[in-house]
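The values are calculated or read from the model by the stated rules, or taken from the named source; none is laboratory data. As the structure is a computational prediction, the values presented were derived from the model and not from experiment. Virtual Cβ from ideal backbone geometry, glycine too; neighbours counted across all protein chains shown.
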Amino acid sequence: MFAFCADPKSIEGLSWLMCYLTTGKHFDFYWSFVTVLTLLAITAPVALSFGFVGAMAARSQFLPARIIGKGYTAMVRGVPDIVFFLFFVIALDQGLEWLNHQIRCPEWTEPIRQGLEFRVCPEAKVPLGSAPQAVHQAYGFALAVVTFALVFGAFAANVLYGAMQAVPRAQLETAEAYGMSHRQVFRRILVPQMWVYALPGLSNLWMILIKATPLLFLLGVQDIVYWSRELGGSKTSAYEYPHGDWRLYYFLFLLVFYLSFTRLSEVVLARISAKLSRGQATAAGEAMRKAGA
Amino acid sequence: MSCWQTINDYAFRSLGYGERLLPRTDFTLCQQFTLIGSGLIWNIYFGLFALITGFFLANAIALAKSAQNPWFRKPAEWFIFVFRGSPLFIQFFLAYEALQILPKTGINLFGITVETAWTTKAWAGALFVLFLNTAAYSAEIFHGALRSIPKGDLEAADAYGITGWARFRRIQWPTMMRLAWPAYTNEAIFLFHSTTLVYFSGFPAFQQRGDALYYANYFADKTFNPFVPYPIVAVYFIVLTLILIWVFGIMNRRLNRHLPSNMVSRIRLRPQLIR
């Protein structure tokens, strides 16, 4: 990075630290923060839409849809979510390969599960064995995103279902009295009003989502936990920058990162909540009205 | 090999008794059920002891947080903020690395050598982290309950001349427990769920003595078939959750026994997972 970093063995003190923190591996480490933020940015809206569909299904008039919706929301209640994380990644991977196998290799006669192996034809591998490393990484990341979205979608469905139930009945009945159809009541009355009820649950969920991101490490993505372990481990003099076991400091840094991230989220969510409460027939909205008058 | 034989061999494998080698080929359903159930002992151990010890610390911290004196209040607020604001996963890693730094030979305190090697073992180190973590979450719940004690109750206590410790023990504390109990039930459930993280963070499973998820992961890795071991873990945890809800429900009824039946607060399971 810097010119004086050419021979790291000869420098020391602050310039050593500067050189140390700007090695290629460290840039990979900094990039992995972007990975985590990307995961959050993609997962949050996807999980929200999964949750929305789930909540709609759970209150549908149509029995099978209701069963699926309720089953989806009940899924996460009794079982540790890490079980789902470990399960879905393999299950999705094998499901994709199985589907691909059925399409591409219809003449393949051997069973797919042979004893302890899961074997599909080479053309059905996802991603292909010959694909470059970047594709494999992107695929792993995509699997992680889908897994996170599925699990957090179930949480979000729980929250949104509760919020939809919390909208005062009188509002919906008034809309019906004006001659709105079911669909119109849903779109014009129910959905705009439910957010204020959903927000406390959703902000809680957002915090939980932030705190679940280190689990990416378990899903095999090279995330911040992976790099902290990698870089912090003690390096002998065979390395350019030998040092002792510094994993403690790297993890302390992660701790600070997460603490400031959750703190920032708290502040922002409090503002959104105040904004949404304006003019609502809730205790918070009433307090604002009185303060204003 | 009959299933009875398997149970004999592996029922206490997670504690180091019975057969030493884990099954390697021809995995039977019976083996998976037995070993994963054996691992569940650790989940119950972590959950139960963290819950009991954490309960006392949580009470102390909740009181400290509602104290007027900033010397009590500020540390309590920071403690709660640090443990609730960061992922449990990172806390495990951090604790493991910090405990590793302790000198291996023990610390010499006034001529007595205090052993330190045991602190890096999961049974002690992870339990300690879970203890602090659940204390922080429960303290926040208790603090909230303490603040929502009806004003009338306290005024009634004043009117009867009940003050100080007696007021706390006979009026405030029981009401706080009663109000906090439904939320505390959820906290207990999710504490048990988060015990599955122990062997996936820094703490190694010594001689393959792990928890339920550790063995499930072992089977899934060996058989490439996630559709058997993970549902088994799920079944075990659903049963564990139901038992917890039942036990906490009994306590909830006791806490609410003086109230008319329409005012009793019911326990509702709310999703609030992972820390």
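Test A:Met194 against the stated conditions and say whether it is aliphatic (A, V, I, L, M), at pLDDT below 90 and closer than 30 Å to A:Ala170 by Cα.
Spelling it out, A:Met194 is indeed aliphatic (A, V, I, L, M), at pLDDT below 90 and closer than 30 Å to A:Ala170 by Cα.
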inquiry  = Need the failing condition index for B:Lys121 against (1) surrounded by fewer than 22 Cβ atoms within 10 Å (Cβ to Cβ); (2) within 14 Å of chain A (Cβ to nearest Cβ); (3) within 26 Å of the chain's Cα centre (by Cα), just the number.
reply    = (2)
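Within the range A:149-255, which helices (runs of 4 or more DSSP H) (wholly inside it) include 2 or more residues that are more than 22 Å from A:Gly51 (Cα to Cα) and away from every other protein chain (no Cβ under 11 Å)?
Correct list: A:169-177, A:224-232.
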ask   = Residue check: is A:Val196 within 23 Å of the chain's Cα centre (by Cα), loosely packed, with under 13 Cβ neighbours inside 10 Å and more than 22 Å from B:Ser194 (Cβ to Cβ)?
value = no
remark   = When restricted to A:Ser273, A:Ser234, the only residue surrounded by fewer than 13 Cβ atoms within 10 Å (Cβ to Cβ) and touching a residue at least 12 places away in the same chain (Cβ under 8 Å) is A:Ser234
task = Being aliphatic (A, V, I, L, M), in contact with a Gly (Cβ under 6 Å, 6 or more places away or on another chain) and either in a helix (DSSP H, G or I) or more than 18 Å from B:Thr53 (Cα to Cα) (or both) narrows it down to one of B:Ala126, B:Ala183, B:Ala135, B:Ala188, so name that one.
result = B:Ala135
query = Which is at pLDDT below 80 and surrounded by 13 or more Cβ atoms within 10 Å (Cβ to Cβ), of A:Val76, A:Val36, A:Val89?
reply = A:Val76
note = Reported set for the range B:76-120 where residues are closer than 23 Å to B:Pro204 by Cα, at pLDDT 75 or above and either basic (Lys, Arg) or in contact with a Leu (Cβ under 7 Å, 6 or more places away or on another chain) (or both) is B:Phe83, B:Ser86, B:Leu88, B:Phe89, B:Ile90, B:Phe92, B:Leu94, B:Glu97, B:Ala98, B:Ile101, B:Thr119, B:Thr120
Within the range A:18-107, helices (runs of 4 or more DSSP H) holding 3 or more residues that are more than 14 Å from chain B (Cβ to nearest Cβ) and under 22 Å from A:Tyr226 (Cβ atoms) = A:24-58
Every pair of residues 6+ apart whose Cβ atoms lie under 6 Å, when the first sits in the range B:209-238 and is without any contact (Cβ under 8 Å) to a residue 40 or more places away in the chain and more than 8 Å from every other protein chain (Cβ to nearest Cβ) while the second is part of a helix (DSSP H, G or I) and surrounded by 23 or more Cβ atoms within 10 Å (Cβ to Cβ) = none
ask   = Among the numbered criteria (1) over 21 Å from B:Glu187 (Cα atoms); (2) away from chain A (no Cβ under 14 Å); (3) part of a helix (DSSP H, G or I); (4) free of Cβ contacts under 8 Å to residues at least 40 places away in the same chain, which single criterion is violated by B:Leu99?
value = (2)
key: Qualifying residue in the range A:32-51 (condition: on the phi > 0 side of the Ramachandran plot and out of contact with any Pro (no Cβ under 9 Å at 6 or more places or on another chain))   = no
Qualifying positions in the range B:35-54 - touching a Lys or Arg at 6+ places or on another chain (Cβ under 9 Å) and surrounded by fewer than 22 Cβ atoms within 10 Å (Cβ to Cβ) = none
ask   = If we scan the range B:163-174, do we find a residue that is outside any helix (DSSP H, G or I), over 24 Å from A:Lys211 (Cα atoms) and facing another protein chain (nearest Cβ under 10 Å)?
value = no
